[in-house]
Amino acid sequence: MSLIAGIDIGNSTTEAAIARVTDGRPEFLASGMAYTQGIKGTLDNIPAIIDVLEQATAKAGVNVADLDRVLLNEATPVIGDVAMETVTETVVTESSMVGHNPDSPGGRGIGVGRTTAIDALVQNEASADDEPIIVVVPADYDFEIAAGIIRRALEAGVPIVAGIAQKDDGVLIVNRLPEALPFVDEVGRIDKVPLGMLAAVEVAPQGHAVRELSNPYGIATLFSLTPEETGFVIPIAKALVGLRSAVVVRTPAGDVTSKPIPAGTIEFVGAHQRLSVALEQGADEIMETLGRVAPIHDVHGEAGTNVGGMIEHVRQTMADLTEKPLAEVFIKDVLAVDCLVPQKVAGGVADEFSIETATGLAIMVNTDRLLMTRIADTLARRIDVPVELGGIEANSAILGALTTPGIDYPLAIIDGGAGSVDGAICRRDKPVEHVHLAGAGHMTTLLIKNELGLASVDVAEKIKIHSLAKVESLFHIRHEDGGVQFFETPLDATLFARIVLLTDDGLVPIDTRHTLDRIRGVRREAKQRVLVTNSLRVLRRIAPGGNIRLLDFVAIVGRFGLDFELPQMLMTELSQYGIVVGVANVRGALGPTNAVATGLIINHGQQERPA
Amino acid sequence: MSASDADKPSIGSAEAGARPAIHVVRASGVDDACTGRVAIGAEELGIPTRVLIGEDTDAVALAHHGARTSRLGVGVGLAGDRIAIHERHMPAEQAVIVCDVSNDPMGQRPGHRRAGENAARLVVGRPLRLDDIAAGNDTG
Amino acid sequence: MSEQLASPPAVEMTLTERGPAKTGTAPDEVVIAISPAFGDQMKRKTLHGLAHAAVIREFCAGIEEEQVKARIVRVWRSADLAAIGFDGAKLSGSGISVAIQSRGTALIHQRDLVPLAPMELFPQAPSLALSTFRHIGKNAAKYAKGDSPSPVPQVNDPMARPKWQAIASIYHIRETQFVRQGEKAVELDVEFHT
C-alpha cells in the first residue's frame, strides 16, 4: 500500500489528486485546485504545486511528508501566445467629418450650408442674402444666449439650416428656436471644425440612424459631387453607418482614406514545402496555406513587419523561458482569426471610431521534457518526497476521463485550456494518439477585447466567463435569455440601466456603449471561431481517416467543460456527426476537472499491479 | 402635503389627467433659479418637469413626495444645500441619489442641471451620470 | 375519482378586510381588483357557473407562476369594470392590475392608460374558462415584468350576446346595488377552502 499524489500543471490551474494505492488499485481520498503561477513548465509553478498538495493532503487527513510518491504530468508543455494586428486603417488628413452618437442631438432632418461661427451672427456679419448657414456653437456660449442669437438671426431672415454644438445642449437650443433645426452636440474638438466650408448636418429620428450621410450617393447628392469625387467619400459614408447624428464637411484638401496596412507575410515551413501568405489576405487564406504545408516544422514572419514582430516575439519569449538558443525554438501551429475592431479615427473631431479589419494569431511552441524534469527535481528537494514524471499527459487525461460513468473505448477527449486545445484518442489495444493546437482561452479573450474595443483584458476575461443582464429598473434585471429577476432591496444607482455581468461577487457593470445583444454576440462568436473551430480541428486530426463520424465517445475535459455555454455549443456543432459527446464527470463526482491528476494515479496503479 | 395625500389613489383628481412630468419639489426659500436649472437638465433629454412647493425641509422627503405624485414615478427634492432624486418604488427614507450642492457655482449651477439630467435618465432608462455624486444608499 | 381531481380544489374562499388599500411600492406586484359584490355576495359564481373562488385562485396561480406577487383589493366606489381596473392599476406597485366583476367579465389595466382603454379586455364572460383566467393572470404578471406577451386568445361566440345579454344585465344591476359611493378601496386577505 502506498500514498500517491497526482499533479497536473495546466496553463491556468494546477490540480491534485491523492489516493491510497493497494495492489495497484487506487482509493481516491481527496482533490485540490489552485491557480497556476507563471507560464506552464517554469519554476514559477512550484508555489501553486505545493499549495494544492497541502490543500489535498489536509482534506485527506495526511501530511505532505506522508506521501510515498508525487506524480507530475509529463507535458511536453505547449506554450502559446496571441497577438493581433489591424490590417486596415482609416485616416482623416484634414477634419472633414464628425460622426458620433451623442445621447441627445437636437431637432431632426438634414441641413446643408456653410459652417459659420456663432460669433459672426453676433457681429451681424451674416445676412438674409447669404447662402445657407450651419452655425457652430462653442462651449462658452450658454444655450439660452446661443438660442437667442440664432432666433434673432432667423427672424432677421438669415438662412440658418443646422447647427453644431460643443456642449450637451442640442435639444435645449433647438427647443428655443422657432423651428426644429438638426443640431449635433457634444462635439468635443469643435475648434477642429473648419469654418466657411460647405457642410451637411443630419440628425435621424429617435431609434433611427442617419440615412443620407451614410450613403455615398446621399453625400454626392447633397454636395453635387462628380462620380470621381463620390469615390472619395465612401470611407466617410462607411464610418457613419449606424450613427444617429453626423456632420460631413467638404474641405478642399480634406480627405478620408481607408487603406491597407502592409502587415507582412507568414512563411510556413513543412516537411515537403515552404509557402508564404500575406497577413492582409485574411484568416481563411492563412489557414488554407497552413493546411497545404502541414505537418509544420516551423513558422517565420517577414522581418521588419508587424507579423514578423509578432512571431519572433513568441519565439524569443520561449527561448528565454526554456533557456534554449533561438534557433532551436520551433513553432508548431498557428490559428488565424479575422475580426472587426473599432479603431479611433486618426484626425477625428468627436472621437469617431471606424470599424477596421484585423487578424489575430495564436502561436504555439512545443517545448521539451527537460522543463518538467527541472520542476520535478526542484519539487522533490522542496518537499522531500520522490517526484516522478508519470507518463504522457494525453494518456493520463484519457484514463481520468474513463472514470466518467457511462463512457467506454474508443474514447476521444477534447482538453481545452488557456493556450491550446489538446485532443487524444484511445482505442483498445492501440497506443494513445494526441495532438496540440494553437488558440484557446487567451485567444478568445483577445478577440472579445478587440471586437468590443475594451480597454482591459480583465474585462474581456470577465465577459468571457459570465452571463449578461441588463438592469431595467432599480428593482429588476433582464437576463440575456430574456428572463426577469426582481430584487427586494433597490439596486445600487450606479448599476441603473447598465449592462452587468452575473459574477460570484454580484452584479458587475461593464463600462460600454454596446448593447447586451452585441456583447453576447461577440462573446459567442469568439468562442465559436476559436474554441469550437479548434475542437473540430483537433477531432479531425485524431479521428480515423480524419472522419469525425468514426469516433464513438467524445468527452470534454478541463476548462472547456466548465464554461457556461461552450459545452452546449460544442454538442450542437457535433450533433450532426452522430457521436456521443458530453462533459466528462471524472470519478463520477468532479465534473471535467482533475482528469489528468486522476489518470496519473490510475496509470501508476496499472504498472504496479501484479500481473 | 402629507403622507395620506400621497397614498390616495387620486382618481379624478388633477393628477390623474395631468401631463406626465418629473415632479421637482422645493422647500420654501429655495431659489426659482435652482428648480429652473433642474428643469433644464431634464429638458435636454426631452422630459418635462413640474415644479411644486413642499412644506417639508428635507430634500429626501420632498423628492419622495414628488416621485409618488409624478406619473413618471420620479421626483426631485430641493431643500437647503441638498438635492435628492427619488423613485416611486424606493423606500421613503432611501433616495436614489442625494447630493450636496452647497458648492454648486451660481449662474450655471451644473450640479442642479446634473440632478435634472439624472432624474430624466431614470425615466428614459439610461445609465446615471454619477462621477462626482454619492449614491443615496450611502447616506441611507 | 378522476373527475374530482380535474375539478378545481378551491370552490370556496374567505375574504377578510385588512383596512384601506395602500399604493404598492413593490415593482413586482399585480393587483387583483374585484367588484363590490364579488366573492361573498350574490351567487359567488360567474354568469356561467364558475366559482368566484376558483377564478381568483387561477388569477393568483397565473401571477405566481411568473414569480410576481398578487395583492387583492376590493373597489367599492364603482361596479364598472374599467373603473375597478383603473383603480387597481393606480394601487399596484407595478402599475398593472387585473380586474373582475361578479358576472365574470375581466380585464388587464395599466396605470398610465386612460381608464376606458385597458390593455386587454375580456368582455364575454361565458366564453372564459378557468384556464383563460390563469392565462390572464400570467399575462398581467408578464406586463409587470416589462415583457410583451401575446394577448390571451379569446373565443368569439356570436351566440353569446343574445343568449346571455339579459342575464348579464341583471347581474350587473344587482352588483351596482352593492356600490358604496365615496368609499376607499380595501385590502383583502384570501383563504381558499374546498
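Couple of notes before you dig in:
- Here region B:19-139 carries DSSP beta bridges of which approximately 50% are antiparallel, counting only pairs with both residues inside.
- Inter-label distance, A:L507 to B:I53: 3.9 nm, where each label sits 7 Å from its Cα along the C-beta direction.
- Look at the stretch A:487-496: the mean tally of other chain Cβ atoms within 10 Å of its residues' Cβ atoms is 6.
- Rounded FRET efficiency, nearest 0.05, which uses the C-beta distance separating B:R19 from B:L130 and R0 of 25 Å: 0.30
- Restricting region B:41-140 to GluC sites (Glu not before Pro) that sit in a DSSP loop and have at most 16 other Cβ atoms within 10 Å of their own Cβ leaves B:E55, B:E93.
- Annotation for region C:32-100 versus region A:391-458: alpha-carbon center distance of 58 Å.
- Peptide ranges A:271-278, A:419-426 listed from the most packed, as the mean C-beta count within 10 angstrom indicates: A:419-426, A:271-278
- Separation of alpha-carbon centers, region A:552-611 and region A:277-302, rounded to whole Å: 32 Å
- Take the Cα of A:K344, go 7 Å toward its beta carbon, and the backbone nitrogen atoms of region A:164-191 under 15 Å from that spot belong to A:188-190.
- Here's how it looks for A:V581: its modeled amide H is under 5 Å from those of A:V554, which are all 5 or more places away or on a different chain.
- Under 26 Å from the Cα of C:K90 - lysines, other chains or at least 8 residues apart: B:K8, C:K22, C:K69, C:K138, C:K142, C:K145, C:K184
- Rounded to 5, the percent of DSSP beta bridges in the protein assembly as shown classed as antiparallel: 70 percent
- Segments C:144-157, A:176-189, A:368-381, A:431-444 sorted - mean Cβ within 10 Å per residue, highest first: A:431-444, A:176-189, A:368-381, C:144-157
- Gained length - A:D384 relative to A:R541, 0.36 nm times residue gap less alpha-carbon distance: 52.4 nm
- Put a dot 7 Å past the Cα of A:D44, heading toward its Cβ, do the same for A:D68, and the two dots end up 3.6 nm apart.
- Counting DSSP beta bridges with both ends in region A:408-583, the antiparallel % (nearest 5): 70 percent
- Average projection area in nm² (convex hull over Cα atoms of the protein assembly as shown, one quarter of hull surface): 52.4 nm²
- Near A:R114: Cβ cut-off under 11 Å, other residues only, Lys/Arg at +1 and Asp/Glu at -1. The net charge is -1.
- The slack between A:S575 and A:D320, meaning 0.36 nm per residue of separation minus the straight C-alpha distance, is 87.5 nm.
- Only helical runs count toward this figure. For the protein assembly as shown, summing -39,500 (n - 2.57) over DSSP H runs of n ≥ 4 and dividing by all residues gives -9500 deg cm²/dmol at 222 nm.
- Structure remark: mean-square fluctuation, Gaussian network model of chain C, C-alpha springs under 10 Å; the largest value among C:T46, C:T16, C:T176 belongs to C:T16.
Rule-based calculations on the coordinates, nothing more; no lab input. A quick note: this is a predicted structure, and the numbers were derived from the prediction, not measured. Note: ideal-geometry Cβ built from the backbone for every residue, glycine included; neighbour counts use all protein chains shown.
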